[in-house]
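To start, the structure itself, in structure tokens.
The values are calculated or read from the model by the stated rules, or taken from the named source; none is laboratory data. Keep in mind it's a predicted model, so treat the numbers as computed, not measured. With ideal geometry, Cβ positions are generated from the backbone for all residues, glycine too; neighbour counts draw on all protein chains shown. Side chains included, ligands, DNA and RNA excluded: accessible areas come from the protein's heavy atoms. Shrake-Rupley method; radii C 1.70, N 1.55, O 1.52, S 1.80 Å.
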Amino acid sequence: LPPFPFLAIRFALAFLTLLPFLYIQRQHISKSAVNKGILIGITLFLGYATQTIGLQYTTASNAGFITGLNVVIVPIYVALYCKRFPRPAIVIGALCAAAGLALLSIGPGFTVNRGDPIVLICAFCFAAHIFFVGKFAPEVNATVLASFQILTVSVLSLIGTLFLPQPTMTFSPYVWFGLILTAVVCTSMAFFIQSKMQQFTSASHTAIIFASEPVFAAVFAFLLAGELLSQKGLIGAAFVLSGILIAEFSSIKQN
């Protein structure tokens, strides 16, 4: 499936899985809550859209590293919003994680491609998503917040599908397996957990924790496909985990 139809169906299925829980929590639905979910959904859609477009004009390794720079961008958003510089531990943790992402993502001969600025927009959009979830999560029911951001991504992806030329689509059993897996585990569960847990941690901490995504990808690649990280990749994973620990232990110490 092309990217936009895949996202439209994936997020529609994810919304349907959350619909029974949304009905149970319907007393928490308000105009304000829906608007906040839509705003978060727009940032998430723009992140996916710009990443998809940018990937046509750059390498996967470049895109992986540039997208991961949201780990550094989120503390900047927080600093601008709060009008104060992030704590030293957050800065050190973010820089450690960014260095680890570079080691994990960038292959030999890193060159700037014309798709890189587009993917950089994607990093700012994903950072905005984390920032706004952190801002709204304490105010809005997690089911409502997750449901309406997911519905927004599905609707905007459907609009993209209708207005952009699409190649032939093939709905094989393998495609449906991918759609259901990503819809349930990687979308409805993931965004509900993020919406719920960002009530209890900062946006900057969340961004640093999200930097561990390529580390988990490497673990699953080993378990499911027998792929091994290079020495550089192992060092990168260590940097990412060090960044997370620095940020988290500083928070525990303060509390």
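Structural remarks
- Extent of segment 22-141 along its three principal axes (Cα atoms, max minus min coordinate, largest first): 55, 36, 23 Å.
- LEU69 - accessible surface, heavy atoms, 1.4 Å probe, Å² rounded to 10: 40 Å²
- Global form of segment 1-86, assessed from the alpha-carbon gyration tensor, a/c cut-off 1.5: oblate
- For the set LYS36/LYS83; LYS31/LYS83; LYS83/LYS232; LYS196/LYS232, the pairs lying more than 26 angstrom apart at their alpha carbons are LYS31/LYS83; LYS83/LYS232; LYS196/LYS232.
- Computed over segment 78-124, the P(r) tail beyond 14 angstrom holds 70 percent of alpha carbon pairs.
- Among VAL155, VAL78, the sequence by solvent-accessible area, most first, with a 1.4 Å probe is VAL155, VAL78.
- Listed residue (ILE38, PHE85, ILE53) projecting farthest to the positive dipole end of segment 34-191, Cβ model: PHE85
- Listed residues CYS96, CYS186, CYS125, most fluctuating in the chain (Gaussian network, C-alpha, under 10 Å): CYS186
- Segment 1-65: chymotrypsin sites (Phe, Trp or Tyr not before Pro) in DSSP coil with no more than 16 other Cβ atoms inside 10 Å: TYR57
- The portion of the accessible surface of the chain made up by carbon and sulfur, rounded to a whole percent, is 73 (1.4 Å probe; DNA, RNA and ligands excluded).
- Alpha-carbon centroid distance for the pair segment 115-161 / segment 30-100, whole angstrom: 10 Å
- Each principal axis of the Cα atoms in segment 111-255 has its own extent, and those three values, largest first, are 54, 44, 33 angstrom.
- For the chain, radius of gyration divided by Kirkwood radius, i.e. Rg to Rh on alpha-carbons: 0.97
- Charge dipole (Cα centre; +1 on Lys/Arg Cβ, -1 on Asp/Glu Cβ; no other charges) of the chain amounts to roughly 580 debye.
- Among HIS205, HIS28, the sequence by solvent-accessible area, most first, with a 1.4 Å probe is HIS28, HIS205.
- Protein-only accessible surface order, largest first, of LYS196, LYS83 at 1.4 Å: LYS83, LYS196
- Among MET197, MET189, MET169, residue whose mean-square fluctuation peaks in a GNM of the chain (springs only between Cα atoms under 10 Å): MET169
- FRET efficiency estimate (nearest 0.05) - Cβ-Cβ, PHE171 to TYR23, R0 25 angstrom: 0.30
- Ligands, DNA and RNA are left out, and with a 1.4 angstrom probe the accessible area of the chain is 53 Å² per residue.
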